[in-house]
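In what follows, a single structure is set out as structure tokens and then discussed.
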Amino acid sequence: MTRYDPSVIEPKWQAAWDADGTFAVERDSSRPKYYVLEMFPYPSGRIHIGHIRNYTMGDVIARYKMATGHNVLHPMGWDAFGMPAENAAMERGGHPSDWTYGNIADMRAQMKPIGLSIDWSREFATCDPEYYGQQQALFLDFLEKGLVYRKAAIVNWDPVDMTVLANEQVIDGKGWRSGAEVERRELTQWFFKISDFAEDLLTSLDALDDWPAKVRLMQENWIGRSRGIEIPFQRTDGAEPITCYSTRPDTLRGASFLAISPEHPVSRELAKDNPELADFISETRKMDTTEAAMELAEKKGIDTGLRVRHPVWPEQELPVWVGNFVLMDYGTGAVFGCPAHDQRDLDFARKYDLPIVSAFHMPGDESEIQDTALVPAKSETVVYTDHFAGLTETTGQAGIDATIDWIEAKNLGAGQVRYRLRDWGLSRQRYWGCPIPVVHCSTCGIVPEKKENLPVRLPYDEGGTPIDFSVPGNPLDRHPTWRNVPCPKCGQPALRETDTMDTFVDSSWYFARFTAPKATTPTSLPDVGYWMNVDQYIGGIEHAILHLLYSRFFARAMYLTGHLPNDSVEPFSALFTQGMVTHEIYLTRDSEGRPVYHFPEEVTDGRLEDGTEVEIIPSAKMSKSKKNVVDPARIIAEFGADTARWFVLSDSPPDRDVEWTASGAEAAFKHLGRVWNLCDRIGAMDPDGREEHPGEDTALLRAMHTCIHDVTMGIESFGFNAAIAKLYGFTANISKSKAGHAAQREAIMTLAQLMAPMTPHLAEDIWAHQGGKGLVINAPWPTADETMMKSDNVTLPIQVNGKRRSEVTVSKEASNADIEALVLQDDAVQRALQGGAPKKLIVVPGRIVNVVV
RNA sequence: GCCCGCGUGGUGGAAUUGGUAGACACAGGGGACUUAAAAUCCCUAGGCAAAGCGCCGUGCCGGUUCGAGUCCGGCCGCGGGCACCA
């Protein structure tokens, strides 16, 4: 008898898969393809247990699909550009490139022992010039097709460090390093025209059946299609009218003021000779650029003194205010305020003493608006206060549509479909990103770099001395030679664009690049045509909107520029969003009461080594700063990869968070040891044993076919935790079975096959030990024989008035009448009936019986 | 603030998608083996009550239904996203 020792078997089988070339795939039209992809990692330096969970899920799918006869592509790469590398260079010196590639090497080394079914020959990092050069080629093609343009946009500006800040770098309105109050500043920046695709991106969501409904809903709301009205308000001074956009034109009767954005042209014009207004506008510029901050900020405004006429009742004059809550990016940058039917407008009206006019009221309730605006649900019927559009009583959307029709007929305005979705600003004023391949020439203007000059490489040094990242700002701006280049068109001295691309660009097409990572064009059509779409994409819910929407846009743009065949327009056919791995947080307090965090391995039974008791904070997302992290390398060294894999798949459903507990990992290890011992015991059985055990054999094989069925369903539906629970049960069945050697051997080999996607090394070892042919990974997936699964009798629970009182066992062929007769004889039922007849008797065949008394 | 989720024993969770709530596992309790411990194996286990009957129970309040963890309405709490974090 040997002992389960993963440190021996895991390297052995990894070498066997390598020797077999199992995971290196090529196009093969004779087999159905399957492309499984997990969102690629950012190379932070360490593999996180969450990565293991994510990649193990993908690996289960990949290995299962291999077993079911698919040609499976399962690649891995690195989302390698981004701020942390630049921050590291700022703090510790060195170069972002060295930091990044060093991290990639470390992480790859940590990933290999997990035994993932990855085709490592396709690996790349987005910071490889071979990758970002192709991305630059894509950009130029997009530019030529008019899918990219420049416009002014607002950024967070740190006036001390003289640099643009990411939202994350703005803390309470101050720059994270300088502490200076952040300002909003306008810069000319590059944009992708994603808004042109709003309708298509919206309607195509319907076809994404294998995406979680919640993600589709989030995208739908993000795109935010609305039908409203664009309506001009005439100024009393006779100047150009101010046009408002509103999705609630049915409230027009209640309009009592106009609010325009501080960035609205009218605001800017008036500010020129209105110092008070100018002050107000510059004050609003100090606000954070995030929408959340804007929404939470106090709503403030200032009266411009301008007056406009109500479009329907021109004798009514409305004041024009500048409001800090009006977004220039959405609609026209001007809205009419209707305090009676909008809470924000009501708060604003009360604050500045503006009139409150009802446009409608609820039937039978004409009371004045008090503290809460009357905002009826779209399904509710309201009674209009004025019959201006011939409306009296109607419900939400119908009233809106009727109003739009009426306004259009009177030529007062135009119905408009608008989207909340804004164009995607891709410019970043940072070094560690993909350079935007254009040149600014004083004669020719914006000139695309020639494709033969791609990639436009990031400079590593400045004439021999390494680039200095300790100086704030973008090093590309001050680079002596990189920036000054001849114009590709006229050859005169010109300046290279120093903005780099948003890292979301890198991750918006990497899935296509994996299909031909060495191609000399962004994609190779035969490869991308064969492998795309990604059949199963797996990643965090935090990417539900931006990354997934940008990728969907890119697929469309790449199709238009000839880089994807038509059928690849949706990048991800199926999506699964997995949860996080969490851990308790342990802390003690220093003399001033500040928290001091401790790593889990420093804590035993709630105490530190010196006996100090620790405070325990409930499980939260693992983070370095809270020290609630578990190093996967340690787990693998102690228990092996199969245990780590088995554990992260156990217990919690994959789309929910899972808490890492040391005891859970040990339990997983113990179970795998039991399976190992079971295999050993069956191997030692006498194959020629003569005892008779047909009943035992049948029972074991029934359990086996049920398990095949349940595990297959579990894997197909991402119910890995449930599949594992069934495997526990089946293991117990084998262990307790008195069946003969042949049946037991069949059972354990099937168990190995069913476990292979989760614990591939142990499965291979059992397979080999029991004399299985070749590798278990190449063995076809077992199929459940439905006739073997069923027993002859079925036990039905009996409910009385919906509460379980008894049960009855009947033949599976029993008719409802037979069952009813049996049920009425049941003691518990008779007690409940007290001699009477039931009011109703419901028999759900194969399920349940309910007696209503 | 807006959009989207989630909430079940001491703990992680299961429940064939409206049909026996608590599968499976962890921690706990009891036992076997052992000189002893570790390892392993077996039994037990929602709460109250208790000689078998019974009552309560899926965050809270209400509704639909023969039947609700599951569907509907309203709350509370937690998490994700909010366009320059990846």
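The values are calculated or read from the model by the stated rules, or taken from the named source; none is laboratory data. Quantities reported herein were computed from a predicted structural model and do not represent experimental measurements. Glycine also receives a Cβ, built like all others from the backbone with ideal geometry; neighbour counts cover every protein chain displayed. In case anyone asks, the SASA skips ligands and DNA or RNA and just uses the protein heavy atoms, side chains included. Shrake-Rupley method; radii C 1.70, N 1.55, O 1.52, S 1.80 Å.
Using beta carbons and a limit of 9 Å, which pairs, at least six apart or on different chains, have the first residue in region A:31-49 and over 10 Å from residue A:78 (Cα atoms) and outside any loop (DSSP other than H, G, I, E, B) and the second one among the polar types (S, T, N, Q) and within 13 Å of RNA strand B (Cβ to nearest atom)?
As it stands, the answer is A:38/A:54; A:38/A:578, since those pairs meet every condition given.
Go through (1) open to solvent by 10 Å² or more (accessible area, probe 1.4 Å); (2) part of a loop (DSSP other than H, G, I, E, B) for residue A:118 and report which single condition fails.
(1)
I need the full set of residues from region A:198-231 which are exposed (fewer than 15 other Cβ atoms within 10 Å of the Cβ) and among the aliphatic types (A, V, I, L, M), in order please.
A:207, A:213, A:217
Please specify each residue of region A:374-428 satisfying the condition of being part of a loop (DSSP other than H, G, I, E, B), surrounded by 14 or more Cβ atoms within 10 Å (Cβ to Cβ) and modelled with pLDDT of 75 or more.
Step one: of region A:374-428, the residues part of a loop (DSSP other than H, G, I, E, B) are A:374-380, A:385-392, A:410-413, A:419-423, A:426.
Filter once more, so that each one left must be surrounded by 14 or more Cβ atoms within 10 Å (Cβ to Cβ): A:374, A:376, A:385-386, A:388-389, A:391, A:412-413, A:419-423, A:426.
The answer is A:374, A:385, A:412, A:413, A:419, A:420, A:421, A:422, A:423, A:426.
Sort out which residues of region A:26-44 are open to solvent by 10 Å² or more (accessible area, probe 1.4 Å) and of a type outside the set (Gly, Ala, Ser), and write them in order of number. It would help to see each step written out before you state the result.
Taking region A:26-44 first, the residues open to solvent by 10 Å² or more (accessible area, probe 1.4 Å) are A:26-34, A:39-40, A:42, A:44.
Once the filter is applied, which keeps residues that are open to solvent by 10 Å² or more (accessible area, probe 1.4 Å) and of a type outside the set (Gly, Ala, Ser), region A:26-44 yields A:26, A:27, A:28, A:31, A:32, A:33, A:34, A:39, A:40, A:42.
For region A:489-569, which helices (runs of 4 or more DSSP H) that fit wholly inside it have 2 or more residues that are within 16 Å of RNA strand B (Cβ to nearest atom)? Reasoning before the result, please.
On the way: elements: A:503-506, A:510-513, A:525-531, A:546-560.
Filter on region A:489-569 gives A:503-506, A:510-513, A:546-560.
Check A:179, A:173 and return the single one that is among the small types (Gly, Ala, Ser), under 30 Å from the mean Cα position of the chain (by Cα) and either at positive phi or crowded, with 18+ Cβ neighbours inside 10 Å (or both). Spell out the reasoning first.
Values: A:179 fails: under 30 Å from the mean Cα position of the chain (by Cα).
Sole residue among the options that is among the small types (Gly, Ala, Ser), under 30 Å from the mean Cα position of the chain (by Cα) and either at positive phi or crowded, with 18+ Cβ neighbours inside 10 Å (or both): A:173.
With the requirement that a residue be open to solvent by less than 70 Å² (accessible area, probe 1.4 Å) and either under 47 Å from the mean Cα position of the chain (by Cα) or more than 12 Å from RNA strand B (Cβ to nearest atom) (or both), what does region A:827-841 give you? Walk me through it before giving the result.
Here is the first cut: in region A:827-841, the ones open to solvent by less than 70 Å² (accessible area, probe 1.4 Å) are A:828-829, A:832-833, A:836, A:838, A:841.
Correct list: A:833, A:836.
Can you pull out every residue in region A:462-485 that is open to solvent by 50 Å² or more (accessible area, probe 1.4 Å) and either modelled with pLDDT of 95 or more or within 39 Å of the chain's Cα centre (by Cα) (or both)? Reasoning before the result, please.
Of region A:462-485, the ones open to solvent by 50 Å² or more (accessible area, probe 1.4 Å) are A:463-466, A:468, A:470-472, A:477-478, A:480-481, A:483-484.
Selection gives A:466, A:468, A:470, A:471, A:472, A:477, A:478, A:483.
Within the group A:514, A:504, which residue is farther than 13 Å from residue A:558 by Cβ, open to solvent by 30 Å² or more (accessible area, probe 1.4 Å), among the aromatic types (Phe, Trp, Tyr) and at pLDDT 95 or above?
Values: A:514 fails: open to solvent by 30 Å² or more (accessible area, probe 1.4 Å).
On inspection, the qualifying residue turns out to be A:504.
Go through region A:457-483 residue by residue and tally those that are under 22 Å from residue A:494 (Cβ atoms), part of a loop (DSSP other than H, G, I, E, B) and not aliphatic (A, V, I, L, M).
The total comes to 13.
Within region A:782-801, track down each residue that is at pLDDT below 85 and among the small types (Gly, Ala, Ser).
Within region A:782-801, just A:791 meets the criteria.
Hey, among the residues in region A:319-355 that are of a type in the set (Asp, Glu) and either under 20 Å from residue A:288 (Cβ atoms) or in contact with a helix residue (DSSP H, G or I) (Cβ under 6 Å, 6 or more places away or on another chain) (or both), which one's farthest from RNA strand B (Cβ to nearest atom)?
A:345
Is region A:52-65 home to any residue that is touching a Pro at 6+ places or on another chain (Cβ under 7 Å), among the small types (Gly, Ala, Ser) and in a helix (DSSP H, G or I)?
Scanning region A:52-65, I find no residue that is touching a Pro at 6+ places or on another chain (Cβ under 7 Å), among the small types (Gly, Ala, Ser) and in a helix (DSSP H, G or I), so the answer is no.
Would a scan of region A:243-260 turn up a residue that is surrounded by fewer than 17 Cβ atoms within 10 Å (Cβ to Cβ), under 36 Å from the mean Cα position of the chain (by Cα) and of a type in the set (Gly, Ala, Ser)?
If we filter region A:243-260 for residues that are surrounded by fewer than 17 Cβ atoms within 10 Å (Cβ to Cβ), which is where we start, we get A:243, A:247.
Filter once more, so that each one left must be under 36 Å from the mean Cα position of the chain (by Cα): A:247.
Those left that are additionally of a type in the set (Gly, Ala, Ser): none.
No, every residue in region A:243-260 fails to be surrounded by fewer than 17 Cβ atoms within 10 Å (Cβ to Cβ), under 36 Å from the mean Cα position of the chain (by Cα) and of a type in the set (Gly, Ala, Ser).
For region A:747-767, name all the residues that are within 31 Å of the chain's Cα centre (by Cα), of a type outside the set (Val, Ile, Thr), within 16 Å of RNA strand B (Cβ to nearest atom) and more than 18 Å from residue A:785 (Cβ to Cβ).
Passing the criteria: A:755, A:758.
Which ones in region A:194-215 are within 13 Å of RNA strand B (Cβ to nearest atom) and part of a loop (DSSP other than H, G, I, E, B)?
A:211, A:212
Please specify each residue of region A:66-86 satisfying the condition of being in a helix (DSSP H, G or I) and within 16 Å of RNA strand B (Cβ to nearest atom). Walk me through how you get there before you give the answer.
Initial filter on region A:66-86 (in a helix (DSSP H, G or I)): A:66-67, A:83-86.
Listed by number, the residues that qualify are A:83, A:84, A:85, A:86.
Quick one: count up the residues across region A:148-170 that are at pLDDT 90 or above and either charged (D, E, K, R) or open to solvent by 80 Å² or more (accessible area, probe 1.4 Å) (or both).
3
Which of the numbered conditions does residue A:738 fail, given that it passes all the others? Conditions: (1) among the charged types (D, E, K, R); (2) over 26 Å from residue A:639 (Cα atoms); (3) at pLDDT 90 or above.
(3)
Being at positive phi and more than 23 Å from the chain's Cα centre (by Cα): is that true of residue A:93 here?
Working: at positive phi: yes; more than 23 Å from the chain's Cα centre (by Cα): yes.
For residue A:93, the condition - at positive phi and more than 23 Å from the chain's Cα centre (by Cα) - is met.
Considering region A:727-746 alone, what residues qualify as being more than 8 Å from RNA strand B (Cβ to nearest atom) and open to solvent by 60 Å² or more (accessible area, probe 1.4 Å)?
Matches in region A:727-746: A:733, A:738, A:742, A:745, A:746.
Which of the residues spanning region A:45-81 are surrounded by fewer than 22 Cβ atoms within 10 Å (Cβ to Cβ) and small (Gly, Ala, Ser)?
A:45, A:67, A:69, listed by residue number.
Before we move on, is residue A:739 without any contact (Cβ under 8 Å) to a residue 60 or more places away in the chain and under 42 Å from the mean Cα position of the chain (by Cα)?
On the way: without any contact (Cβ under 8 Å) to a residue 60 or more places away in the chain: yes; under 42 Å from the mean Cα position of the chain (by Cα): no.
So residue A:739 does not fit the description; no.
Counting only residues that are in contact with a strand residue (DSSP E or B) (Cβ under 7 Å, 6 or more places away or on another chain) and aliphatic (A, V, I, L, M), which one in region A:209-244 is farthest from residue A:536 (Cα to Cα)?
A:242
For region A:794-825, give me each residue that is within 12 Å of RNA strand B (Cβ to nearest atom) and open to solvent by less than 30 Å² (accessible area, probe 1.4 Å). Let's see the steps before the verdict.
Residues of region A:794-825 within 12 Å of RNA strand B (Cβ to nearest atom): A:794-809.
Matches in region A:794-825: A:796, A:798, A:800, A:806, A:808.
Take residue A:333 and decide whether it is at positive phi and surrounded by 16 or more Cβ atoms within 10 Å (Cβ to Cβ). Let's see the steps before the verdict.
Numbers: at positive phi: yes; surrounded by 16 or more Cβ atoms within 10 Å (Cβ to Cβ): yes.
Yes; evaluated as a whole, the condition is true for this residue.
Residue-wise test of (1) within 16 Å of RNA strand B (Cβ to nearest atom); (2) open to solvent by 50 Å² or more (accessible area, probe 1.4 Å); (3) within 23 Å of residue A:789 (Cα to Cα); (4) under 37 Å from the mean Cα position of the chain (by Cα).
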residue	(1), (2), (3), (4)
A:677	yes, yes, no, no
A:680	yes, no, no, no
A:686	no, yes, no, no
A:694	no, yes, yes, no
A:701	no, no, yes, no
A:705	yes, no, yes, yes
A:713	yes, yes, yes, yes
A:718	yes, no, yes, yes
